[in-house]
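Structure record follows, encoded as structure tokens.
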């Protein structure tokens with residue numbers, strides 16, 4: 001069955017909340033998109049608020065608003081979405097940094113976000129630079145049914161929009177949802193705190209996504225526009241890499257793509273998807 005026609009049937013995916021759009025983009029006139037192989041319409045109503053309609057089933061579906069985005073569920077909706085405690089801190093800047101269509105699968109986008117090894121080659125002079133290409137050994141494991149990677153460090157010439165010079169940047173990665181990934185990153189102006197950068201991936205089809213960029217920042221100097229532009233610049237460098245990866249769906253059989261030490265988080269992520277029984281947007285292990 002082709003990417004254009006396969007509708008998701010995985011309970012592990014259907015019974016989750018999925019991002020649809022940033023709240024400021026919602027209109028009374030509504031808009032259309034795709035989610036998990038199904039056509040949807042979405043918008044907001046002056047009386048009833050945000051809504052999503054699954055067109056192939058001709059039915060409204062559950063909705064919620066979290067972190068400035070509209071989310072929906074095609075199956076049995078969980079009581080809550082994953083939590084980001086930092087988003088409740090009053091001095092945080094909570095921003096949508098763009099929703100960008102990419103010809104790739106949702107798991108490929110998540111795994112690319114986890115990959116520090118590409119920094120010097122794809123984000124040269126910003127998130128990395130030769131000859132400092134080594135990925136320092138880190139810890140990756142499944143914790144409370146989420147993928148976590150701790151003790152991640154990488155030298156970055158321009159770690160953020162507010163950075164004045166190069167630095168060793170501390171990272172913690174978290175995958176709380178098969179198609180959503182978070183990065184906790186040291187703040188140049190306050191080493192005691194962490195910025196939170198997220199990629200909330202809308203799996204339109206098995207091989208097409210909308211990547212919703214989420215920012216939760218401790219930054220008193222950079223404008224909202226500056227923060228968004230920096231993140232969009234980074235993602236614009238990732239987009240062609242993602243679109244040229246083949247196969248577009250993520251292989252879960254470790255024999256198909258040989259992992260290396262720097263891929264620890266990806267190894268844990270792929271095992272997690274396998275254990276959940278995910279088949280949508282991946283190539284299951286034989």
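With springs only between Cα atoms under 10 Å, which of 93, 229, 255 fluctuates most in a Gaussian network model of the chain? The residue that fluctuates most here is 255. Based on DSSP H segments of at least four residues, each scored -39500 (n - 2.57), the chain has a per-residue ellipticity at 222 nm of -5000 deg cm²/dmol. Of 142, 250, 114, the residue with the greatest mean-square motion in the GNM of the chain, using alpha carbon springs below 10 Å, is 142. Evaluated at q = 0.18, 0.22 Å⁻¹, the base-10 log of the normalised Debye intensity for the range 15-66, with identical point scatterers placed on the Cα atoms, takes the values -0.53, -0.81.
Stokes-Einstein, applied to the Kirkwood radius of the chain over Cα pairs at a viscosity of 0.692 mPa s and 37 °C, places its translational diffusion at 169 µm² s⁻¹. Quick check for you: which residues of the range 203-222 have the amide N under 11 Å from the point 7 Å beyond the Cα of residue 91 toward its beta carbon? Hits in the range 203-222 for residue 91 at 11 Å: 218-220. Computed from the C-alpha gyration tensor, the three semi-axes of the ellipsoid equivalent to the range 183-286 are 31, 17, 13 Å, from longest to shortest.
Taking 4 °C and 1.567 mPa s as the conditions, I'd like the Stokes-Einstein D for the range 184-235 in µm²/s, using the Kirkwood hydrodynamic radius from alpha carbon pairs. D, rounded to a whole number, is 104 µm²/s. When the chain is treated as a GNM with alpha-carbon contacts under 10 Å, the residue of 256, 94, 40 showing the greatest mean-square fluctuation is 256.
Quick note: the coordinates plus some simple rules give every number you see, no bench work behind them. Here the structure is a predicted model, which is why all the values come from computation and not from measurement. Because the Cβ atoms are built from the backbone with ideal geometry, glycine has one as well, and the counts that use them run over all protein chains shown.
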